[in-house]
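J.: Questions regarding the structure given below will be posed in turn.
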Amino acid sequence: MISWVENGDPRIRSVLKDLKSSAAGTRVIGLTGSPGAGKSTVTSALVRAFRAREQSVAVLAVDPSSPFTGGALLGDRVRMQEHATDDGVFIRSMGSRGQLGGLAAATPQAIRVLQAAGYEVILVETVGVGQAEVEIASAADTTVVLVVPGMGDSVQAAKAGVLEVADVLVVNKADRPDTKATVRDLRAMVALAQSEWKPPIVPTVATAGDGVDDLVKELDRHDEWLESSGERARRRLARARDEVTALAFGALAKRLTVPDELAARVADGRCDPTEAAEELLAAAVIFKDLSERVHAHKVSCVSRELGLPFDPIDRAARIWERRFGPASAMAAVTSIMRAQQLLLGELDAILRPYGLTFARYEALVLLSFSREGTLPLRVMGERLMVHPTSVTNTIDRLEAQGMVVRRPNPADGRGRLAEITQRGRDAVQVATRDLMAAEFGMSGYSEADREALFSLLRSLRRSAGDFSAG
């Protein structure tokens with residue numbers, strides 16, 4: 001799933017939606033510092049320390065990507081080979097892919113996946129950073145900044161922005177001659193801090209294990225302070241806000257392609273860049289009312305009438321034709337996506353009194369169609385055309401409602417069967433009655449129209465590889 005996150009695979013959206021995050025019990029610790037500070041060695045030492053407590057540990061190690069080839073060496077994982085055979089340790093290297101700030105763009109969502117997987121400690125190691133790369137502070141509960149003796153004088157320490165985000169300062173390679181001077185400069189900097197938490201300074205020689213126990217104690221002390229002060233909740237709220245903002249800007253950047261005609265007007269001076277940017281954004285403004293409503297309400301509420309004095313998709317199509325060319329494909333896809341929102345909103349509203357969503361209803365119907373009311377979870381994923389994780393989460397919820405039970409699959413010692421209960425069958429009956437009465441939200445179409453629509457979309461699904469039959 002982390003590969004899906006990195007590659008922007010559209011399947012990750014449905015998986016992330018269904019993941020049950022256990023963030024409340026997970027510590028996210030970020031480690032950052034200049035190249036050669038010993039981040040990987042310290043990270044490996046912390047893995048060893050947390051595993052001695054029998055805590056499960058995940059490591060996200062971000063490596064720099066080549067600006068020419070886009071490749072990354074992913075060498076941090078090589079430095080942690082001693083943990084490769086430990087089932088309680090998961091190590092994943094990620095290329096930065098040109099992202100500034102020391103992290104990969106996919107890091108926040110990768111953290112969310114690992115939290116849902118139940119890891120108790122997540123260590124995030126950044127690429128080697130300089131004075132201003134402080135992105136890790138927005139992704140971690142505790143930020144550890146590593147410095148090495150000889151980093152510079154007190155002025156250099158005071159202006160290093162990366163030091164200002166430190167919750168714990170580590171002077172690694174403390175067996176070097178300049179260690180005392182470095183600690184002195186850092187103490188002078190910490191003394192100027194106005195925050196309630198004063199970062200402790202921990203000298204270590206990670207290669208020998210010296211100072212690692214002291215580092216773990218300071219991490220524990222900071223974790224306790226986060227809880228008692230309420231700072232953890234504040235940071236996680238800010239982290240969620242930053243994640244949403246980053247995803248929104250990323251999606252916007254992909255959609256707003258600057259046409260050659262507009263770029264040419266800026267290049268020859270007929271239009272200034274600010275005016276051009278406003279013109280480019282103007283096409284998105286027509287969706288403002290819709291976007292605000294989707295942001296403010298759940299999908300189940302999107303079916304309410306918007307009451308716009310124009311068709312926003314039709315207007316977008318006309319602007320599209322003037323700027324980019326034929327708009328029929330864009331208009332059709334956008335209409336399908338909006339229709340999905342409308343239909344899901346209406347169907348979920350019908351099913352809500354029975355404690356169901358349309359996804360859960362589909363799972364129950366599939367089970368009721370089987371000969372014995374049972375199916376392997378793997379088969380359900382194939383028939384419902386969703387990721388296995390989505391099936392597992394759906395069955396979890398139905399089982400909690402008493403509509404499904406799980407039992408071992410006698411044909412496969414490792415697999416599980418889902419079996420519909422009488423309560424589940426009763427729910428299918430009443431829910432189907434109401435859905436049929438509403439004609440599944442398609443009452444405005446004739447039988448011929450619905451068959452024609454099914455045929456058109458069936459061709460699309462066949463082309464996508466959903467099935468191969470005629």
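J.: How many residues are hydrophobic (A, V, I, L, M, F, W, C), in a helix (DSSP H, G or I) and surrounded by 13 or more Cβ atoms within 10 Å (Cβ to Cβ) if we restrict to the stretch 436-470?
T.: 2
J.: With respect to the numbered conditions (1) at pLDDT below 90; (2) surrounded by 11 or more Cβ atoms within 10 Å (Cβ to Cβ); (3) acidic (Asp, Glu); (4) assigned to a loop (DSSP other than H, G, I, E, B), which one is the sole condition not fulfilled by Asp242?
T.: (4)
J.: Would you point out the residue of the stretch 74-99, among those that are charged (D, E, K, R) and modelled with pLDDT of 60 or more, that is nearest to the chain's Cα centre (by Cα)?
T.: Looking at residues that are charged (D, E, K, R) and modelled with pLDDT of 60 or more, I get Arg92.
J.: Applying the selection to the stretch 387-398, what residues are surrounded by 18 or more Cβ atoms within 10 Å (Cβ to Cβ) and more than 21 Å from Arg423 (Cα to Cα)?
T.: Thr389, Ser390
J.: It is to be established whether one or more residues within the stretch 372-386 are exposed (fewer than 14 other Cβ atoms within 10 Å of the Cβ) and within 19 Å of Arg423 (Cα to Cα).
T.: Yes; the residues of the stretch 372-386 include at least one that is exposed (fewer than 14 other Cβ atoms within 10 Å of the Cβ) and within 19 Å of Arg423 (Cα to Cα).
J.: Of everything in the stretch 176-207 that's touching a Ser or Thr at 6+ places or on another chain (Cβ under 9 Å) and acidic (Asp, Glu), which residue is farthest from Val28 (Cα to Cα)?
T.: That would be Asp185.
J.: Another question about this same structure. Can you name the residue in the stretch 381-394 that is in a helix (DSSP H, G or I) and within 23 Å of the chain's Cα centre (by Cα) and, of all such residues, is nearest to Ala438 (Cα to Cα)?
T.: Among them, the one singled out is Thr394.
J.: Name the one entry in Ala363, Ala359 that is buried (at least 17 other Cβ atoms within 10 Å of the Cβ), at pLDDT 90 or above, under 16 Å from Val428 (Cα atoms) and under 23 Å from the mean Cα position of the chain (by Cα).
T.: Answer to the selection: Ala359.
J.: For the condition modelled with pLDDT of 80 or more and loosely packed, with under 13 Cβ neighbours inside 10 Å, what is the one hit in Ala329, Ala296?
T.: Going through Ala329, Ala296 in turn, just one is modelled with pLDDT of 80 or more and loosely packed, with under 13 Cβ neighbours inside 10 Å: Ala329.
J.: Report, by residue number, each residue of the stretch 188-212 that is loosely packed, with under 14 Cβ neighbours inside 10 Å and on the phi < 0 side of the Ramachandran plot.
T.: Within the stretch 188-212, Ala188, Ala191, Leu192, Ala193, Gln194, Ser195, Glu196, Lys198, Ala208 qualify.
J.: Could you tell me whether any residue of the stretch 159-178 is in the same structural domain as Leu146 (by TED's automatic domain parsing), among the small types (Gly, Ala, Ser) and assigned to a helix (DSSP H, G or I)?
T.: Yes, because at least one residue in the stretch 159-178 is in the same structural domain as Leu146 (by TED's automatic domain parsing), among the small types (Gly, Ala, Ser) and assigned to a helix (DSSP H, G or I).
J.: In the stretch 230-239, which residues are under 13 Å from Ala137 (Cα atoms) and either in contact with a Ser or Thr (Cβ under 9 Å, 6 or more places away or on another chain) or part of a loop (DSSP other than H, G, I, E, B) (or both)?
T.: Result: Arg235, Ala238, Arg239.
J.: If Glu218 passes every condition in (1) in contact with a helix residue (DSSP H, G or I) (Cβ under 9 Å, 6 or more places away or on another chain); (2) in the same structural domain as Ala37 (by TED's automatic domain parsing) but one, which one does it miss?
T.: Looking at each condition in turn, Glu218 falls short on (1).
J.: Mind telling me which of the residues Arg397, Arg378, Arg423, Arg433 ends up being modelled with pLDDT under 90 and part of a helix (DSSP H, G or I)?
T.: Going through Arg397, Arg378, Arg423, Arg433 in turn, just one is modelled with pLDDT under 90 and part of a helix (DSSP H, G or I): Arg378.
The values are calculated or read from the model by the stated rules, or taken from the named source; none is laboratory data. Note that this is a predicted model, so its numbers are computed, not measured. So basically every Cβ, Gly included, is an ideal-geometry build from the backbone, and we count neighbours across all protein chains shown.
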